[in-house]
Amino acid sequence: MATDPELQNVVARGKSRTTAETDFTVKVDPKLPEPNTTYYYQFEALGYASPVGRTRTIPNADLPASEVDRVRLAVVSCSNYGYGYFNGYADIAKQADISAVLHLGDYIYEYPKGFYRDNDLKDERPIFPENEIISLEDYRLRYACYRTDIDLQECHRQHPFIAVWDDHEIADNSWKGGARFHFPSKGSYIERKMSAVRAYHEWMPIRDDDSNELDSQLRINRRFEFGKLFDLNMLDTRIFGREKLDASASNEPERQLLGLEQENWLYLNLMDGKNRGAAWQVLGQQVILAPFMGASATNSGDIWNGYASARNRLLDFIEDNNIDNTVVLTGDYHASFAFDVAKNPFEPSSYNPGAGEGSLAVEFVCPALTSLALPEDNSGPEANPHQKFNKQVDHGYMLLDITEQAFGCEWYYIDTLKERNDSTRFAKGLVTQTSTNHLVNSSQARAIMDSPALASKDKAVAVKTV
């Protein structure tokens, strides 16, 4: 580990071993000495040196928001290998001023070959294993398949990832006790889930606790304090606490999406963030939180609509404790949306779409990086007066621009999935100003900030081994 791309100013070095027990993956935590600092790293094994990688530490938790550099984060979700080239990853990898990539889930897909309409690229992007992944070996091979993609490799090489799973890292429409297409003929769902969780922790850049036990690995929710600029609470709305999908049970008083343990953890974090003076409270999670009416959403048991009592508890907590500046980041839906989050946005006496009165938070929904998008835009503002953006046919990612005064989101779309092409186009910008709790339009803010250099693509850089 070094502070320069040439690896001359070395700050840490060491050795690690790996075995088949962890699928020959290596994960090290070098305890980097300086916060809010870019570092460069390289591995060497069996006489071969890896390309130089680049990462960044976050600011000290007690650093005032006014002293934290403007932070930019890329947000991605729903990256199906067989459905298209990872051009969004390629574009993100080029941007030196991104502090981290937030992956909100569906990093891999469990489907068998051809199930997800991926036949157009079956020769250029063959998926392996070709069967639906169920066993530990299956999940490991599928991660290995995804990591053969050079654009995903480059995005990991240039930026740290902060990731959570959605359902497809395990199985479609997972909940804590089952999944949509997991039938008894496929064996034990619990064994399948634990195999998927184990492979996820082996292959993904996520810090494990000292025990490294599977039970602790199920608790993927965690918190990052970017100084006093913002707290990032990464949530699991899928496999730890979610009860079985049942839209008819949405308003049952004790209905759980996060699970009681994680829900209480979040409430404590929100209060702690307010008390310590964090400017923004950010929730990274999987499914649309805002009340939402649309062709596939109105009666959906999959999104927070299907867990309305859990949503009401969260919004009541935010309102009762005067927690301003809450921003929700959402994946899963394969579409771009933005919402003012109000308890009842469909009732004029409860929410004013012009002034934003009645909104308690804001929500940005990320398009799919490659996964199947909808054929046309629907569910417009006539049905959802709190909806500030709606684009459902394009693929891409979101770019967050965070300062003490404002939290902005921009949507960038890629032109094609059928060939490698890292060009993107700006689609929309929205911002919430501090203490307003609602969204307004903004212009493109993607002026490049001064940032440490990207890691070189030259593999020749090498340091003396220990």
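The values are calculated or read from the model by the stated rules, or taken from the named source; none is laboratory data. Since we're looking at a predicted model, the values are computed, not measured. Counting neighbours? That spans all protein chains shown, and the Cβs are built from the backbone with ideal geometry, glycine included. Note: accessible area is taken over every heavy atom of the protein model, side chains too, but ligands, DNA and RNA are not part of it. Shrake-Rupley method; radii C 1.70, N 1.55, O 1.52, S 1.80 Å.
With both residues required to sit in region 41-188, DSSP beta bridges show an antiparallel share near 35%. Where a ≥ b ≥ c are the square roots of the eigenvalues of the C-alpha gyration tensor, would you call region 100-236 rounded, which needs a/c under 1.5, or, failing that, prolate if a/b is larger than b/c, or oblate? It is oblate, given that a/c is not under 1.5 and a/b is not larger than b/c. Tell me the label only: which of (i) 4, 20, 32, 28, 13, 2, 0; (ii) 4, 15, 20, 18, 14, 10, 8, 6, 4, 1, 0; (iii) 4, 18, 29, 26, 15, 7, 1, 0, 0 is P(r) over Cα pairs in 10 Å bins from 0, in percent as calculated from this structure? Calculated P(r) over Cα pairs in 10 Å bins from 0, in percent: the matching label is (i). Sorting 40-46, 25-31, 268-274 by average packing, meaning the other beta carbons within 10 Å per residue, from highest down gives 268-274, 40-46, 25-31.
Using R₀ = 41 Å, calculate the FRET efficiency as 1/(1 + (r/R₀)^6) where r is the Cβ-Cβ separation of Ala20 and Glu254; round to 0.05.
The calculated FRET efficiency here is 0.40.
Other residues within the sphere of radius under 13 Å centred on the Cβ of Arg313, judged by their own Cβ, net out at -3 (K and R +1, D and E -1). With Cβ to Cβ distances under 9 Å as the rule, what net charge do the other residues near Asn87 carry (K, R +1; D, E -1)? In short, -4. Roughly speaking, what is the centre-to-centre gap between region 87-148 and region 319-394 when only Cα atoms are used, to the nearest Å? Cα centroid to Cα centroid, the span is 28 Å. Between Arg276 and Ser456, the FRET efficiency from the beta-carbon distance, with R0 = 51 Å, is close to 0.85. Across the accessible surface of region 266-326, with the other protein chains kept in place and a 1.4 Å probe, carbon and sulfur atoms take up 48 percent. Seen through its C-alpha gyration tensor, with square-root eigenvalues sorted a ≥ b ≥ c, region 289-425 comes out prolate because a/c lies at 1.5 or above while a/b is bigger than b/c.
With a Förster radius of 30 Å applied to the C-beta separation of Phe43 and Asp208, the computed FRET efficiency comes to 0.95.
Rolling a 1.4 angstrom probe over the protein heavy atoms with all chains in place gives the chain an accessible area of 41 Å² per residue.
Antiparallel as a % of all DSSP beta bridges within the chain, to the nearest 5?
On the way: 47 of 68 bridges.
Antiparallel bridges: around 70 percent, rounded to the nearest 5.
Reducing region 51-86 and region 167-214 to their Cα centroids gives an inter-centroid distance of 25 Å.
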